[in-house]
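The values are calculated or read from the model by the stated rules, or taken from the named source; none is laboratory data. It should be emphasised that the depicted structure is a prediction, and the values quoted were computed from it without experimental measurement. All Cβ positions, even for glycine, are placed from backbone atoms using ideal geometry, and neighbour counts span all protein chains on display.
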Amino acid sequence: MMVRNRHNTPSGIPEVAFAAPVGTPAGIEVMSLAELHERAAGESLTTPQRPDFHHLLTLTSGTLWHTVDFTAHALQPGHWLWVRPGQVHQWGDLTHAEGALILFQPGFLDPETTAAARVDDPHAPPVLLPLGEDQEALHRAADQLDRDFHNRTRLPPDLHTTVLRHLLAVLVLRLAYLTEPAGSPAPEPGEAFLRFRDAVERDHTRTRRVEDYAHTLGYSPRTLSRATLAAAGLNAKEFIDRRVVLEAKRLLAHTDQSAAQIADRLGFSSATNFSKYFHWRTGTTPIAFRTTTRGHGPG
């Protein structure tokens with residue numbers, strides 16, 4: 001049985017919810033990619049998915065393409081991939097890759113670990129690389145978690161779950177502090193950018209105007225643009241637009257909502273204005289994007 005169950009909400013949005021197999025601790029599951037491939041027999045993993053739980057993946061051999069929020073990543077042994085709840089992702093061909101997959105629900109970890117490891121950070125990079133010899137420490141933590149998950153000990157179920165929670169905490173804390181994002185390291189963001197980034201995450205469906213964010217945060221538009229350019233390599237307006245386009249892509253790929261419904265949800269005055277906005281920034285129409293995304297998996 002697949003660990004992910006699909007169902008449709010009244011709005012027509014297919015959700016992917018966590019479902020622990022019978023007899024396993026609630027809130028977490030550990031498996032190999034070979035097990036995932038076997039369980040997926042008859043189901044397509046290459047269609048867009050938007051799970052409500054975390055995916056932690058590391059390869060031990062082979063290569064794997066994995067798409068997160070419409071950006072394809074070429075994973076190699078030693079890479080760690082972290083897909084967070086709400087992100088749209090697509091699996092590549094699993095037949096040429098071996099590795100470990102850890103699934104866990106929001107709330108499984110204790111609040112202190114969640115905060116320290118930035119577990120709920122929607123801006124965290126999806127692909128992480130261990131620093132130097134720390135790769136071995138990460139693999140030891142993952143191996144111990146795998147062994148304890150599959151070991152039917154004489155511990156009471158609640159205590160077994162507590163052990164797994166602590167072992168996962170060790171792993172995510174090491175991932176947070178013993179790795180760096182794949183690619184060029186980003187500069188440490190300043191306070192102005194961090195406040196702006198959080199405001200965009202919260203209010204991008206309400207306004208796309210830099211001036212509105214500047215007024216709310218108490219900065220000038222120029223200050224926000226300078227801070228965003230320094231931290232993210234683009235100006236403040238482009239940062240807002242990319243977040244809006246990302247949400248539009250998520251809705252187009254993962255829901256059956258019409259362009260008019262998505263336009264309303266994202267704060268556009270009409271479907272026409274939304275379509276023009278989307279085409280201008282992506283080079284394709286919303287309907288063409290939906291058709292392409294649903295018709296083809298990642299490379």
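For this structure, a couple of remarks:
- Within region 109-140, the set of residues being part of a loop (DSSP other than H, G, I, E, B), under 18 Å from the mean Cα position of the chain (by Cα) and hydrophobic (A, V, I, L, M, F, W, C) comprises L109, A117, V119, A124.
- Check on V170, assigned by TED's automatic domain parsing to the domain that holds Q76, aliphatic (A, V, I, L, M) and in contact with a helix residue (DSSP H, G or I) (Cβ under 6 Å, 6 or more places away or on another chain): yes
- Of all residues in region 126-169 being small (G, A, S) and without any contact (Cβ under 8 Å) to a residue 40 or more places away in the chain, the one that is surrounded by the most Cβ atoms within 10 Å (Cβ to Cβ): A141
- Matching residues, region 46-61, being surrounded by fewer than 19 Cβ atoms within 10 Å (Cβ to Cβ) and either under 20 Å from the mean Cα position of the chain (by Cα) or at pLDDT 95 or above (or both): T46, T47, D52
- Yes/no for G107 being assigned by TED's automatic domain parsing to the domain that holds S61 and at positive phi: yes
- Looking across region 235-262, the residues that are under 17 Å from R209 (Cβ atoms), within 22 Å of the chain's Cα centre (by Cα) and not charged (D, E, K, R) come down to F239, I240, V244, V245.
- Tabulated pairs, region 267-279, first outside the structural domain of R290 (by TED's automatic domain parsing) and touching a residue at least 24 places away in the same chain (Cβ under 8 Å), second of a type in the set (S, T, N, Q) and in a helix (DSSP H, G or I), C-beta under 9 angstrom, 6+ apart or interchain: none
- Qualifying positions in region 110-119 - in contact (Cβ under 8 Å) with a residue 24 or more places away in the chain and at negative phi: D110, T113, A116, A117, V119
- Single residue of T95, T113 found to be in the same structural domain as L59 (by TED's automatic domain parsing), at pLDDT 90 or above and hydroxyl-bearing (S, T, Y): T113
- Filtering D146, D212, D198 for residues that are within 21 Å of the chain's Cα centre (by Cα) and of a type in the set (D, E) leaves a single hit, D198.
- Just one residue in the set V210, V163 is closer than 30 Å to F268 by Cβ and among the aliphatic types (A, V, I, L, M); that residue is V210.
- Taken together, P106, P77 contain a single residue that is within 20 Å of P21 (Cβ to Cβ), without any contact (Cβ under 8 Å) to a residue 60 or more places away in the chain and not in a strand (DSSP E or B), which is P106.
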